[in-house]
Amino acid sequence: MSRLTDANLAIARDIIARYPRKKSALIPLLHLTQEQNGYVTDDAMRHLAELLDITPAEVIGTATFYEMFKFEEVGTYVINICQTMSCALLGAGALMHHAEEKLGIKAGSTTADGMFTIEAAECQAACTEAPTMQVNYRHQYRVTTEDFDQMIDDLRSGALSGDIPPHGTLGRNRQNIPADKFVGAPDPDDVTEGPAWIPVKVDNS
Amino acid sequence: MSTEDTNATETEPVDAVDGDTDDADEAVEAEPEPEPDPNIVPVTLNGREIEARKGELVIAAAERHDTYIPHFCYHPRMKSVGMCRQCLVEVDTGRGMQLQPSCMITVSPEMKIDTESETAKRAQEGMIELLLANHPLDCPVCDKGGECPLQDQAFSHGPGESRYIEEKRHYEKPIPISDLVLLDRERCILCDRCTRFADEVAGDKLIHFTQRGNETQVMTFPDEPFASYFSGNTVQICPVGALTAEPYRFKARPWDLAQEESTCTSCSVGCRVVVQSSRDEILRYQGVDSDPVNHGWMCDKGRFDFEAVNSQQRIADPMVRTEQGLTDTTWSAALGAAAGVIRESLAAGGPDAIGVLGGARGTNEDAFAWAQLADALGITYRDAQFGDGLPASVLGLDRATIDEAASASTIVMLGADIKEELPVLYLRLRDAAVEKRSKLVEFSSVETGLSRYATQSIRHQPGLQSEAVNEASDLLAGDDVVVVVGRGNLAESADETMAALAAVLAANPSAKVLPALRRGNVVGALSVGMAPADDEHDGLATLRAAADGKLDVLILLGADPINDCPDTDLARRAMAGARRVISIDTHPSESTKLADIVLAAAAYGEKAGTTTNLEGRVSTVSDKVTTTGTARPDWMIAAELAIMLDIDGDIADVASVDDVTAAIAAEVPGFDGVTLDALAGERNGVLTSANPKPLPPVVGGAPQRNTYDHRLVVGRKLYDRAIGTAMSHSIAKLAPGAGAHLHPLDVDALGVADGADVRLIGQKATAILPVVSNPSIARGVVWAPFNQAGGTVEDLIDAAASVTDVKIEVV
Ligand code: SF4
Ligand code: SF4
Ligand code: FES
Ligand code: FES
């Protein structure tokens, strides 16, 4: 079930074809499978290994390096509340506390209805807007406890579904590269001279 | 690449050649400046001028000049990754002294290296301190304690104390990552040796770093264990006690172990090893780096089958058959009985009523002594193989070494799946293909371990390999081509492979041949006198003579025809047809059970001598432990029988194994270099030579398969029911078990579910096997592993037939 669906398999093959080496398509395919299932399942990793001619151990090794790939079910909305210095000074601790109270769960877990996951996060590179949080990786700035409550209510009611797609969706428009616009990349094995952007003079004399 | 980085022991720097070229042309001119050797790079190491080699890593150059740089991740047989930073030293390449990891930087002219400066020392101490921030200080309960690079280097290059007071990492202890290997994650220092080995050397990327930062750990995929044939090597190269092997775990401390160098004889690669024992019990083998052979690696079968030597089931004393069955007796009674039986049969039927089979599991000395005894008695029925290998004529061809094969322009694989049969040869040839040193052309009727690395892997119908070779002859051209030829399919006649070999040699007469015969000392046994004189007296002919009631005595030297001969029906009839069977063996086998006299033989590790690997390299095996019970080596049994049979000749005259070794050097053609002096302390052994003789003509040419049948391929797996594996509990359980592997579409056509039983109906028997759907099998072919529990596919094999076609029915 959590292997790629036929529709997604077609997309996967299209993605794989863009790379000179199949293996390079691993990260985009991990995103694709996470989009399909909400998280990366063992079956999905086996399927990707088959498609890319690598071992499942290589897939899990690569995938688990990245925070944004999840290996257990998460909520439709993943809320990362920054806990690093600037935010911490401007009330991130209290915000987290409030979030935990409001949703009735501890950081790192998911509400029973599968709607929300809260996570403690490191700096989100918006320190001037502290305290910050992200909902499905969309920034929210200077978040007060009231803002938080409002956001939860709006997410529940669907009022924000136009702004924030469910967890796993990277973009609403799938990238489509028509054949005549496709640039491609040379196989690294075929590259004999320096890269085009570095003017290397090879002296063969 | 990997050989460049190594402590290549045999490639001398090129300066040796200089003299010739200079003299001739330039002697007349006035003292020319000697050309600097381009392969020598002068560098300064700790104030001393040294000559490094071009492309050499700083750490390797330093080590070659007796300066040890501490390290964990660097391994001379693998690519450097610079993971651990322990090897930091100060290096000046013209921009002033800078700290550099010495395993990541190659020497350059005028480089200055300081491995002992204040800064280098502080860096090295700091790295140890950092590694110990998380590494537990549990050396007293850690298996590695006493032989641990981390422990040792913490003493030699560590700061002595730590500033870290934080809690260390904790993990569940230990987790099995395979049936043989366990992992204590908190001890891991993330050196990437095990994972690099799995990827680079073994090609089994089943372990990988997962997570990141402080959470990084070595892990398998859930439910996909590190089931590599080479997993034991990761335990040996792990620089800490993170990886331990089930068979050795907690059995001994290094300071309790005594060791001797030896050679593995579990297959004919002949990996160099040390045998380690404590209290007269073998506890561990470790690989030793022999440059021309194993590069330090071993396979798991060779590494862990010492359990068979220690097995409770060993035959400890001689036995003779009485009314109560086989009963223990004294050596003098048993030898007396054996001599009596031989004497009687000589009197009744002459020497042609006696057959001697085996020798491939023993030493050169064992086989030589028995061949001498057979010569003295005039016995011609003799062979070290019984239809399970290739005719001994493959040894008379222009023979390649492993090194030559691994650096050939084209390697032609014919027959055997060497990953299953000769695992470390597989590593060497895989490396040649992966590093693009050699083109690999494979002819096989099923996918093999090397197929995925082959430039061309050509599938042929079983039995029709000569045709395939003839069609692909343009792939076989070239100057240094090596053919690796073995027996891939036990359900077809060896003639088919020999005909294909003849076709390869016809297409490229300069090709050298590496015989991929599997059993430990088969090459040695055949070379020192156990080869049959002709086809009428080879192993199969001997068994046929026995089955026809023409043999009075059948002598088995560590041979178990019922399990080892592909045609088990013939073997069974032979055992029943021979009037008396004398078996000289280490373990009870199906054949010893049917013997009339059983003489207890010393096993590997219990007897000294020499062994010959597939390239003809003779190296020593050592007697690390005393023999089990009253068992003795085969050569000694032959010598004692010779005395009892009043034979005068050298064989009755040997007092020690060294006498036999010396006699081999004196008498066996090509073995004259194998003197005791030459062998002493020579890790790489002594290469013997054979006089090249052309192949006798063979006619192959099996019929085409008719489309209603499937054609049978019976191949070996690394783990089967052979005695060494079956008696080693850790690896015996890894045998895959019997099965009939078919293409999924063929399974569908039969209308059975995967795993259901099917009946294979052959010319003379039927066999019931569970069906395994396997997309790597060609349609129309059925592949079954040899000698496995749970099926009797061997019953279908007829040694006289060129191929075996079967009908498959649903049960
Ligand atoms: S388990 Fe051992 S060999 Fe593997 S990375 Fe850890 S320390 Fe290195
Ligand atoms: S490859 Fe052969 S010789 Fe080497 S360790 Fe394995 S069984 Fe022993
Ligand atoms: S500290 Fe929160 S965004 Fe930087
Ligand atoms: S040995 Fe050089 S970084 Fe590990």
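Only one of the listed residues (A:Glu72, A:Glu50, A:Glu100, A:Glu67) is of a type outside the set (Ser, Thr, Tyr) and more than 14 Å from every other protein chain (Cβ to nearest Cβ). That residue is A:Glu100.
The set of residues in segment B:206-253 being under 20 Å from B:Arg272 (Cα atoms) and either at pLDDT below 95 or within 16 Å of ligand 4 (Cβ to nearest atom) (or both) consists of B:Ile237, B:Cys238. Only residues that are under 23 Å from B:Glu447 (Cα atoms), in contact (Cβ under 8 Å) with a residue 40 or more places away in the chain and not in a strand (DSSP E or B) were counted across segment B:757-789, and they come to 8. The strands (runs of 3 or more DSSP E) found wholly in segment A:49-165 and carrying at least 1 residues that are hydrophobic (A, V, I, L, M, F, W, C) and surrounded by 18 or more Cβ atoms within 10 Å (Cβ to Cβ) occupy A:77-82, A:116-121, A:133-135. Does A:Tyr137 satisfy being away from ligand 2 (no atom under 16 Å from the Cβ), at pLDDT below 95 and of a type in the set (Phe, Trp, Tyr)? In short, yes.
The strands (runs of 3 or more DSSP E) located wholly in segment B:35-103 that include 2 or more residues which are crowded, with 18+ Cβ neighbours inside 10 Å and away from ligand 4 (no atom under 16 Å from the Cβ) occupy B:40-45, B:48-53. Within segment B:191-207, the residues that satisfy the criterion of being crowded, with 22+ Cβ neighbours inside 10 Å, outside any helix (DSSP H, G or I) and either within 11 Å of chain A (Cβ to nearest Cβ) or charged (D, E, K, R) (or both) are B:Leu206, B:Ile207.
Applying the criterion of being among the aromatic types (Phe, Trp, Tyr) and more than 14 Å from every other protein chain (Cβ to nearest Cβ) to the residues of segment B:419-471, the residue that is farthest from ligand 4 (Cβ to nearest atom) is B:Phe443. When the test is whether a residue is surrounded by fewer than 15 Cβ atoms within 10 Å (Cβ to Cβ), more than 36 Å from the chain's Cα centre (by Cα) and in contact (Cβ under 8 Å) with a residue 12 or more places away in the chain, B:His170 passes it. Scanning segment B:208-219 for residues that are at the interface with chain A (Cβ under 9 Å from one of its Cβ atoms) and not acidic (Asp, Glu), we see that the one that is farthest from B:Asp417 (Cα to Cα) is B:Arg212.
Could you list, in sequence order, the residues of segment A:6-29 that are within 14 Å of chain B (Cβ to nearest Cβ) and crowded, with 16+ Cβ neighbours inside 10 Å? Of everything in segment A:6-29, just one residue is within 14 Å of chain B (Cβ to nearest Cβ) and crowded, with 16+ Cβ neighbours inside 10 Å, namely A:Leu26.
Residues are listed down the side, and each one gets a yes or a no for (1) of a type in the set (A, V, I, L, M); (2) over 24 Å from the mean Cα position of the chain (by Cα):
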residue	(1), (2)
B:Leu556	yes, no
B:Arg573	no, yes
B:Ile582	yes, yes
B:Ala595	yes, yes
B:Ala608	yes, no
B:Leu614	yes, no
B:Val621	yes, no
B:Asp634	no, no
B:Ile637	yes, yes
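Yes/no per residue for (1) away from chain B (no Cβ under 14 Å); (2) polar (S, T, N, Q):
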residue: A:Thr55; (1), (2): no, yes
residue: A:Leu90; (1), (2): yes, no
residue: A:Ala94; (1), (2): yes, no
residue: A:Glu119; (1), (2): yes, no
residue: A:Cys127; (1), (2): yes, no
residue: A:Gln134; (1), (2): yes, yes
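Looking across B:Ser178, B:Ser262, B:Ser231, B:Ser266, one residue alone is within 26 Å of the chain's Cα centre (by Cα), of a type in the set (Ser, Thr, Tyr) and away from ligand 2 (no atom under 16 Å from the Cβ). It is B:Ser178.
Matching residues to (1) surrounded by fewer than 17 Cβ atoms within 10 Å (Cβ to Cβ); (2) in contact with a helix residue (DSSP H, G or I) (Cβ under 8 Å, 6 or more places away or on another chain); (3) of a type outside the set (Ser, Thr, Tyr):
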| residue | (1), (2), (3) |
| --- | --- |
| B:Glu323 | yes, no, yes |
| B:Thr327 | yes, no, no |
| B:Leu335 | no, yes, yes |
| B:Leu357 | no, yes, yes |
| B:Ala360 | no, yes, yes |
| B:Thr363 | no, yes, no |
| B:Asp366 | no, yes, yes |
| B:Ala369 | no, yes, yes |
| B:Leu377 | no, yes, yes |
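Within segment B:220-245, take every residue that is in contact (Cβ under 8 Å) with a residue 40 or more places away in the chain and within 14 Å of another protein chain (Cβ to nearest Cβ) and give me the one that is nearest to A:Val59 (Cα to Cα). Filtering segment B:220-245 for residues that are in contact (Cβ under 8 Å) with a residue 40 or more places away in the chain and within 14 Å of another protein chain (Cβ to nearest Cβ), the one nearest to A:Val59 (Cα to Cα) comes out as B:Thr220.
How many of the residues in segment B:631-655 are more than 13 Å from B:Leu335 (Cα to Cα), outside any helix (DSSP H, G or I) and either at pLDDT 95 or above or among the charged types (D, E, K, R) (or both)? Matching residues across segment B:631-655 total 3.
Here's the yes/no breakdown for (1) touching a residue at least 12 places away in the same chain (Cβ under 8 Å); (2) closer than 16 Å to A:Thr132 by Cα; (3) not assigned by TED's automatic domain parsing to the domain that holds A:Met151; (4) not β-branched (Val, Ile, Thr):
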{"position": "A:Glu72", "(1), (2), (3), (4)": "yes, no, yes, yes"}
{"position": "A:Ser86", "(1), (2), (3), (4)": "yes, yes, no, yes"}
{"position": "A:Leu90", "(1), (2), (3), (4)": "yes, yes, no, yes"}
{"position": "A:Met96", "(1), (2), (3), (4)": "yes, yes, no, yes"}
{"position": "A:Gly104", "(1), (2), (3), (4)": "no, no, no, yes"}
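Only residues that are within 16 Å of B:Gly558 (Cβ to Cβ) and touching a strand residue (DSSP E or B) at 6+ places or on another chain (Cβ under 6 Å) were counted in segment B:506-529, giving 3.
Can you find even one residue in segment B:163-179 that is out of contact with any strand residue (DSSP E or B) (no Cβ under 8 Å at 6 or more places or on another chain) and within 14 Å of chain A (Cβ to nearest Cβ)? Among the residues of segment B:163-179, at least one is out of contact with any strand residue (DSSP E or B) (no Cβ under 8 Å at 6 or more places or on another chain) and within 14 Å of chain A (Cβ to nearest Cβ), which makes the answer yes.
A single member of B:Glu215, B:Glu281, B:Glu323, B:Glu261 is of a type in the set (D, E, K, R) and within 16 Å of ligand 1 (Cβ to nearest atom), and it is B:Glu215. What number goes with the only condition from (1) more than 14 Å from chain B (Cβ to nearest Cβ); (2) within 16 Å of A:Leu4 (Cα to Cα); (3) outside any helix (DSSP H, G or I) that A:Gln36 does not pass? Answer for A:Gln36: the failing condition is (3). The set of residues in segment B:104-128 being part of a strand (DSSP E or B) and without any contact (Cβ under 8 Å) to a residue 60 or more places away in the chain consists of B:Thr106 alone. Considering only segment B:129-142, state which residues are part of a helix (DSSP H, G or I) and under 17 Å from B:Ile165 (Cβ atoms). Hits for segment B:129-142 are B:Glu129, B:Leu130, B:Leu131, B:Leu132, B:Ala133, B:Asn134.
The values are calculated or read from the model by the stated rules, or taken from the named source; none is laboratory data. This one's a predicted model, so the numbers in the text were calculated from it and none came from an experiment. Glycine gets a Cβ as well: all are built from the backbone with ideal geometry, and neighbour counts include every protein chain shown.
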